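Enquirer: Below you will find the structure I want to go over with you.
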Amino acid sequence: EKGGYDYFMLKEIAEQPKAVADTLLGRIDAAGSLTLDELRIPDSVLREVDKVVIVACGTAYHAGMIAKLAIEHWTRIPCETELASEFRYRDPILDQRTLVIAISQSGETMDTLMALRHAREQGAKVLAVCNTNGSTIPRESDAVLYTHAGPEVAVASTKAFLTQLVACYLVALYLGQVRGTKWGDEIRAVVHDLAAIATEVDRVLETMEPVRELARSLADKDTVLFLGRHVGYPVALEGALKLKELAYMHAEGFAAGELKHGPIALIEEDLPVVVVVPSPRGRSVLHDKIVSNIQEIRARGARTIVIAEEGDEAVAPYADHLIRIPVTPTLLQPLVSTVPLQVFACELATARGNEVDQPRNLAKSVTVE
Ligand code: F6R
């Protein structure tokens with residue numbers, strides 16, 4: 001049932017191109033427009049939405065952090081993303097014009113369920129982004145957009161994360177489409193690129209041997225840091241979470257701009273630091289700033305592991321290890337930049353003799369608060 005792989009996690013990482021393609025299937029028409037009739041929230045209601053709140057836990061929360069950037073950029077609707085376990089207990093401001101998006105692979109996470117119950121009590125509309133048909137979270141929501149990742153068995157979430165991103169992009173782009181924002185041309189271009197992204201994920205998977213080799217060489221390290229900015233920041237958090245749960249290593253993700261506000265004190269000789277570099281195109285200011293960050297940490301002895309777009313030559317002189325990812329639109333980059341981090345964590349776990357599919361102390365679905 002592991003399809004020839006040693007672990008479900010490896011199988012599920014490999015299934016990502018298909019999971020991404022399946023999640024897009026039937027949702028983009030021949031003219032390149034989105035068709036999300038299955039949402040069952042009338043366009044008239046979506047046009048009235050004046051705030052989006054995303055609630056989720058763990059990996060799904062990281063998908064939500066990225067979704068926030070996409071929703072605000074493409075729709076200009078204010079959006080906040082919050083840990084479901086925090087949201088419920090702080091008396092959040094919600095009303096009929098709030099769209100709450102609850103992201104959950106299992107559909108059974110108690111924290112997320114409690115958050116959405118609270119949101120509905122306040123009159124908000126709740127849309128579930130979920131991978132499990134007929135599970136509790138979609139049953140209790142006003143609408144659901146299913147991710148089509150197929151069953152995810154390994155405790156550490158991989159393909160579900162990529163499909164959560166795809167589903168959130170679809171929601172963001174669809175909101176932009178029905179509301180007709182000034183980004184119409186960009187939305188059409190992104191839909192076009194999204195339709196081709198599964199192939200890019202596949203290309204990343206084909207180049208992972210050096211990443212595995214690197215992971216094995218770091219098996220006796222105690223700490224790995226992860227840095228990113230904009231969409232790369234949640235990716236850094238996700239890379240760190242994967243490493244904690246699988247390799248049982250101390251791993252932390254930081255927004256690269258925060259380095260000088262504290263974390264740079266952690267940098268010492270030979271400390272591995274993974275840096276997710278934004279595209280040099282588009283918001284190139286961010287790119288330049290992160291290149292300076294890489295220089296700063298390297299000057300202090302860090303071993304830099306740099307994830308950067310093909311053709312980004314500016315980072316090369318400062319990268320002890322360079323992991324290339326395909327060129328994508330800025331907001332879609334997490335679909336390709338997360339993959340090496342999954343492979344990295346999985347290989348480190350194996351090298352450290354850990355049980356990859358069943359990490360200690362963890363359960364696949366967390367049905368208690
Ligand atoms: C991390 C992981 C967890 C889940 C979290 C939410 O690899 O699997 O952090 O993402 O427990 O689970 P769902 O998505 O089922 O609500």
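The values are calculated or read from the model by the stated rules, or taken from the named source; none is laboratory data. On a predicted model such as this, the values are computed, not experimentally measured, just so you know. Here Cβ is always computed from backbone atoms with ideal geometry, including for glycine, and neighbour counts include all displayed protein chains.
Enquirer: Identify the residue in the range 97-110 that is at negative phi and buried (at least 24 other Cβ atoms within 10 Å of the Cβ) and, among all such residues, is farthest from the ligand (Cβ to nearest atom).
Expert: Our first condition is that a residue be at negative phi; within the range 97-110, this holds for 97-106, 108-110.
Narrowing the set further to residues that are buried (at least 24 other Cβ atoms within 10 Å of the Cβ) leaves 99-105, 109.
On the way: LEU99: 19, VAL100: 15, ILE101: 13, ALA102: 9, ILE103: 7, SER104: 3, GLN105: 3, THR109: 3 Å.
So, considering only residues that are at negative phi and buried (at least 24 other Cβ atoms within 10 Å of the Cβ), the one farthest from the ligand (Cβ to nearest atom) is LEU99.
Enquirer: Name the residues in the range 185-198 that are surrounded by fewer than 20 Cβ atoms within 10 Å (Cβ to Cβ) and part of a helix (DSSP H, G or I), would you? I'd like the intermediate steps shown before the answer.
Expert: First pass over the range 185-198, keeping only residues surrounded by fewer than 20 Cβ atoms within 10 Å (Cβ to Cβ): 185-186, 188-189, 192-193, 195-196.
The answer is ASP185, GLU186, ARG188, ALA189, HIS192, ASP193, ALA195.
Enquirer: In addition: Checking ARG88 against (1) under 25 Å from ALA195 (Cβ atoms); (2) within 16 Å of the ligand (Cβ to nearest atom), which test does it fail?
Expert: Of the numbered conditions (1) under 25 Å from ALA195 (Cβ atoms); (2) within 16 Å of the ligand (Cβ to nearest atom), the odd one out for ARG88 is (1).
Enquirer: Here is a list: ALA143, ALA172. Which entry is of a type in the set (Gly, Ala, Ser), crowded, with 24+ Cβ neighbours inside 10 Å and touching a residue at least 12 places away in the same chain (Cβ under 8 Å)? Before you say what the answer is, go through the steps one by one.
Expert: Working: ALA143 fails: crowded, with 24+ Cβ neighbours inside 10 Å.
Result of the check over ALA143, ALA172: ALA172.
Enquirer: When the range 231-273 is examined, which residues are found to be of a type in the set (Val, Ile, Thr), within 16 Å of the chain's Cα centre (by Cα) and more than 16 Å from the ligand (Cβ to nearest atom)?
Expert: Taking the range 231-273 and keeping what is of a type in the set (Val, Ile, Thr), we get 231, 235, 264, 267, 273.
In the following step, the residues that additionally are within 16 Å of the chain's Cα centre (by Cα) were identified as 231, 235.
Within the range 231-273, just VAL231 meets the criteria.
Enquirer: Among the residues of the range 312-333, is there at least one that is within 16 Å of the ligand (Cβ to nearest atom), under 21 Å from the mean Cα position of the chain (by Cα) and either part of a loop (DSSP other than H, G, I, E, B) or surrounded by fewer than 16 Cβ atoms within 10 Å (Cβ to Cβ) (or both)?
Expert: Initial filter on the range 312-333 (within 16 Å of the ligand (Cβ to nearest atom)): none.
No - not one qualifying residue is present in the range 312-333.
Enquirer: So, in the range 164-184, exactly how many residues are in a helix (DSSP H, G or I) and either within 11 Å of the ligand (Cβ to nearest atom) or hydrophobic (A, V, I, L, M, F, W, C) (or both)? So that I can check it myself, show each step before the final result.
Expert: Within the range 164-184, the first condition is being in a helix (DSSP H, G or I), and the residues that meet it are 164-179, 184.
With the extra rule that they be either within 11 Å of the ligand (Cβ to nearest atom) or hydrophobic (A, V, I, L, M, F, W, C) (or both), the set shrinks to 164-168, 170-173, 175, 178.
Number satisfying all stated conditions: 11.
Enquirer: Shifting gears a bit: With respect to ALA160, determine if the residue is within 16 Å of the ligand (Cβ to nearest atom) and in a strand (DSSP E or B).
Expert: Against the criterion (within 16 Å of the ligand (Cβ to nearest atom) and in a strand (DSSP E or B)), ALA160 does not qualify.
Enquirer: Turning to a different aspect of this structure: Does GLU72 satisfy the criteria of being under 22 Å from LYS364 (Cβ atoms) and charged (D, E, K, R)? Before you say what the answer is, go through the steps one by one.
Expert: Numbers: under 22 Å from LYS364 (Cβ atoms): no; charged (D, E, K, R): yes.
It is false that GLU72 is under 22 Å from LYS364 (Cβ atoms) and charged (D, E, K, R).
Enquirer: Now a separate question. Of (1) touching a Ser or Thr at 6+ places or on another chain (Cβ under 7 Å); (2) in a strand (DSSP E or B), ILE305 satisfies all except one. Which?
Expert: For ILE305, the failing item is (1).
Enquirer: Filtering the range 64-82 down to residues that are free of Cβ contacts under 8 Å to residues at least 40 places away in the same chain and either buried (at least 17 other Cβ atoms within 10 Å of the Cβ) or out of contact with any Cys (no Cβ under 9 Å at 6 or more places or on another chain) (or both), which residue is farthest from TYR169 (Cα to Cα)? First the steps, then the outcome.
Expert: As a first pass, look at the range 64-82 and keep what is free of Cβ contacts under 8 Å to residues at least 40 places away in the same chain: 68, 72, 78-82.
Narrowing further to those that are either buried (at least 17 other Cβ atoms within 10 Å of the Cβ) or out of contact with any Cys (no Cβ under 9 Å at 6 or more places or on another chain) (or both): 68, 78-82.
On the way: LYS68: 10, PRO78: 16, CYS79: 14, GLU80: 15, THR81: 15, GLU82: 18 Å.
Out of the qualifying residues, it is GLU82.
Enquirer: Can you tell me which residue is farthest from the ligand (Cβ to nearest atom) among those in the range 334-359 that are part of a loop (DSSP other than H, G, I, E, B) and over 23 Å from the mean Cα position of the chain (by Cα)?
Expert: Within the range 334-359, the subset part of a loop (DSSP other than H, G, I, E, B) is 352-359.
Subset that is over 23 Å from the mean Cα position of the chain (by Cα): 352-355.
Details: ARG352: 17, GLY353: 20, ASN354: 14, GLU355: 14 Å.
So the residue we want is GLY353.
Enquirer: Out of all the residues in the range 226-251, which are over 20 Å from TYR61 (Cβ atoms) and in contact with a Pro (Cβ under 8 Å, 6 or more places away or on another chain)?
Expert: Of everything in the range 226-251, just one residue is over 20 Å from TYR61 (Cβ atoms) and in contact with a Pro (Cβ under 8 Å, 6 or more places away or on another chain), namely TYR248.
Enquirer: Given GLY4, GLY32, which one is in a loop (DSSP other than H, G, I, E, B) and at pLDDT 90 or above?
Expert: GLY4
Enquirer: Failed condition for ALA149, given (1) buried (at least 24 other Cβ atoms within 10 Å of the Cβ); (2) assigned to a helix (DSSP H, G or I), with all others met?
Expert: Of the numbered conditions (1) buried (at least 24 other Cβ atoms within 10 Å of the Cβ); (2) assigned to a helix (DSSP H, G or I), the odd one out for ALA149 is (2).
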